[in-house]
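Reviewing the structure listed below.
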Amino acid sequence: MLASLRRQRGLLRTAVSFFLLLSLSSCTLFDPWFSPSTDTSARIPAAVASAHPLATQAGLDILAAGGNAVDAAIAVAASLGVVEPYSAGIGGGGFWLLYDAGEDRYRFIDARETAPAAAHRDYYLDADGRVNRDRAINGPSAAGIPGQPAAFAHLSEHYGQLPLTQTLAAAIQQARDGFAVDEKYRSWLGFRLETLRRYPESARIFLQQNEIPAVGHIIRQPDLADTLTALARQGHAGFYQGPVAERLLTEVRRHGGDWSAADLADYRVIERQPLQVQYGELKVISAPPPSSGGIALIQMLNMLNHYTWQQLPAVPQTHLLTEVMRRAYRDRAEFLGDPDFTKVPVSMLLAEQRAADWVKSINMDSATPSLSLSGSKTHDGGFHTTHLSVIDHQGNMVSATLSINLPFGSAFTAAGTGVLLNNEMDDFSAKPGEPNAYGLVGNEANAIAPGKRPLSSMTPTIINSPQQAAILGTPGGSRIISMVFLGALEHLQGKPVEDWVSRPRFHHQYLPDRIEHEPDTFSADEQEALQALGHQLHNVGRDYGNMQAILWNKATNRVSAAADPRGLGHAEVKPLP
Ligand code: GLY
């Protein structure tokens, strides 16, 4: 694939095709749509990769019961929301990238949370104009209207084969019977212990006598089981109207939130065109706004393709990757927001001219100071969320990244519902120039408005060609994009799926102006050489990310799957019967 990509480099420079633009432009620079070489009637091994073995098993069981990739993904996501309560759940939202093998068509389901009608640009500002960080990240004031329940209903109705009563059954049982606390649970809880203690319902469910539970302690969530059951039986209305909605509203308002009945009843997922960029035979499909992930990923690939990057020694390659990250994140800061509220110049950002202009400013002999690149002074960090990848026997694929934002979201559980609410409102820019929990400082494009969706970094991605299909994604806040970028580059170099997920990681996000890296990413000599180029290095002191990936080699009809060794996840290929 690497050789093939190199041969196509000339084409690549001019073939930055962006599917959304096809209908808007008579531009002749697009490659023809590739014809899949795969006979879609042929069966292939199925696979599920997720952040928890129980969730992966739930997906495999649904495939065994005759469900398709979408059914399996619903089962995995619902289960993750129970057994990985620190990462995602029906109190949050996410993005679902689907591939329909029969139609050779990609779809993108935007189930991002929305700001309640009561929210406004200065929602988190105190009387003195300062951002009230506590209101922005803790408790129901920090929660957007959840999108995950609507995603389950929409996906099941339109793209699944099995009813929600079947696909949510494993999650319902896991919520009722409980799951055993593990070290990851304890470690994520450590970040949010004080806030969980503030909310008695959360403390009752997720703590053990108000402390971090011991390994093996069983977390039971019977109220969540009942809420999932209502969703399974009644679909969208089971969550957004009726007793569950009433209870959510009562509890949210009682604890300082501003949701209305209409906020819940009106919530809908949005089907958007995924970003699709053709590089010769290779197509990259990823998340459109309100995610910044797909645009930044494609911008980085576009810049990189001006170089023979694969042949560079380690330090110059790291330098180059850092410089393209710096520039893509710089554009993220300036231009990205909810496209239904702000004009996002997608075509400009993905145009070859943009990449060429940025490349002119890259000096291979020294780091570019971020502040020398004009634009917003935005920065960002990285934390939680989850990802799942699924392929079924027909070659249908799902790449879904789901979130409640920080570990345990807002730390607030609405009593009587079991729903742990997100704190995704903090992904908005509460005040231009003021960093959020990830250190992100946004601008007007991502300012708060009623009904608006906060800018996200979630980057569920599929890379497809007549030879291979790759499904990948990861949690990790603003670092999601650079992780998917590094994972994709492993794939483009022909490395096995295990390498994509285990690769040592580094990250640059424009501001703060430094390379953030895992403890073992660079040798002492590499660190010295990078510093000599002018880079500031920041060891983040821990591993980060939790990538879940699948590779289908179409020539051999072999499927391989891998879960990030940094997490507890499990990836499993289900051989052909
Ligand atoms: N809440 C993390 C993200 O959406 O990027």
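The values are calculated or read from the model by the stated rules, or taken from the named source; none is laboratory data. Predicted model, so just to flag it, every value in this text is computed and none were measured. Virtual Cβ from ideal backbone geometry, glycine too; neighbours counted across all protein chains shown. Quick note on the areas: whole protein, heavy atoms, side chains included, nothing else; ligands and nucleic acids left out. Shrake-Rupley method; radii C 1.70, N 1.55, O 1.52, S 1.80 Å.
Collect the residues in the stretch 177-226 that are crowded, with 19+ Cβ neighbours inside 10 Å and among the hydroxyl-bearing types (Ser, Thr, Tyr), keeping them in residue-number order.
Once the filter is applied, which keeps residues that are crowded, with 19+ Cβ neighbours inside 10 Å and among the hydroxyl-bearing types (Ser, Thr, Tyr), the stretch 177-226 yields Tyr185, Thr195, Tyr199, Ser202.
So which of Ser482, Ser457, Ser502, Ser465 ends up being among the hydroxyl-bearing types (Ser, Thr, Tyr), within 20 Å of the chain's Cα centre (by Cα) and more than 16 Å from the ligand (Cβ to nearest atom)?
None of the other options fit; the residue is Ser502.
Considering only residues that are open to solvent by 10 Å² or more (accessible area, probe 1.4 Å) and aromatic (Phe, Trp, Tyr), which ones fall in the stretch 117-147?
Tyr123
Which numbered condition trips up Ala150, out of (1) open to solvent by less than 10 Å² (accessible area, probe 1.4 Å); (2) out of contact with any helix residue (DSSP H, G or I) (no Cβ under 7 Å at 6 or more places or on another chain); (3) of a type in the set (Gly, Ala, Ser)?
(2)
Scan the stretch 366-374 and give yes if some residue there is open to solvent by 50 Å² or more (accessible area, probe 1.4 Å) and small (Gly, Ala, Ser), otherwise no.
Yes: the stretch 366-374 contains one or more residues that are open to solvent by 50 Å² or more (accessible area, probe 1.4 Å) and small (Gly, Ala, Ser).
Only one of (1) under 30 Å from Ala69 (Cβ atoms); (2) part of a helix (DSSP H, G or I) fails for Gln161. Which number is that?
Against the list (1) under 30 Å from Ala69 (Cβ atoms); (2) part of a helix (DSSP H, G or I), Gln161 comes up short only on (2).
Which helices (runs of 4 or more DSSP H) sit wholly inside the stretch 305-381 and have at least 3 residues that are over 21 Å from the mean Cα position of the chain (by Cα)?
314-335, 352-360
Report, ordered by the first and then the second residue, all pairs with beta carbons closer than 6 Å, sequence separation of six or more or different chains, a first member in the stretch 263-278 that is at pLDDT 95 or above, and a second member that is part of a helix (DSSP H, G or I) and among the β-branched types (Val, Ile, Thr).
Val277/Ile298
Going through the stretch 279-312 one residue at a time, which ones are within 16 Å of the ligand (Cβ to nearest atom) and touching a residue at least 60 places away in the same chain (Cβ under 8 Å)?
Within the stretch 279-312, Ser286, Ala287, Pro288, Pro289, Pro290, Ser291, Ser292, Gly293, Gly294, Ala296, Leu297 meet the criteria.
Residues His393, His387: which one is outside any helix (DSSP H, G or I), away from the ligand (no atom under 16 Å from the Cβ) and modelled with pLDDT of 95 or more? Walk me through how you get there before you give the answer.
Details: His387 fails: away from the ligand (no atom under 16 Å from the Cβ).
Step by step, each of His393, His387 is checked, and only His393 is outside any helix (DSSP H, G or I), away from the ligand (no atom under 16 Å from the Cβ) and modelled with pLDDT of 95 or more.
Just one of the numbered conditions (1) open to solvent by less than 10 Å² (accessible area, probe 1.4 Å); (2) away from the ligand (no atom under 15 Å from the Cβ) is not true of Pro496; which one?
Of (1) open to solvent by less than 10 Å² (accessible area, probe 1.4 Å); (2) away from the ligand (no atom under 15 Å from the Cβ), only one is false for Pro496: (1).
Filter the stretch 396-417 for residues that are assigned to a strand (DSSP E or B) and more than 10 Å from the ligand (Cβ to nearest atom); which is nearest to the chain's Cα centre (by Cα)?
Top of the filtered list is Ala400.
Could you grab me the full set of residues in the stretch 529-550 that are open to solvent by 80 Å² or more (accessible area, probe 1.4 Å) and in contact with a Pro (Cβ under 6 Å, 6 or more places away or on another chain)? Write out each step before concluding.
Filtering the stretch 529-550 down to residues open to solvent by 80 Å² or more (accessible area, probe 1.4 Å) leaves 531-532, 536, 543.
Result: no residue meets the conditions.
Name the pairs: first residue in the stretch 415-431 and within 9 Å of Ile137 (Cα to Cα) and of a type outside the set (D, E, K, R), second residue within 16 Å of the ligand (Cβ to nearest atom) and not in a loop (DSSP other than H, G, I, E, B), Cβ to Cβ under 6 Å, at least 6 apart or on different chains?
Taking only residues 6 or more apart or on different chains, the pairs are Asn423/Ile137; Asn423/Ala142; Met425/Ala142.
Could you please find all residues in the stretch 166-176 being over 11 Å from Leu80 (Cα atoms) and open to solvent by 10 Å² or more (accessible area, probe 1.4 Å)?
Of everything in the stretch 166-176, those that are over 11 Å from Leu80 (Cα atoms) and open to solvent by 10 Å² or more (accessible area, probe 1.4 Å) turn out to be Gln166, Ala169, Ile172, Gln173, Arg176.
What tally of residues in the stretch 442-454 results from selecting those that are modelled with pLDDT under 95 and either of a type outside the set (A, V, I, L, M) or within 12 Å of the ligand (Cβ to nearest atom) (or both)?
Residues that pass the stated criteria total 4.
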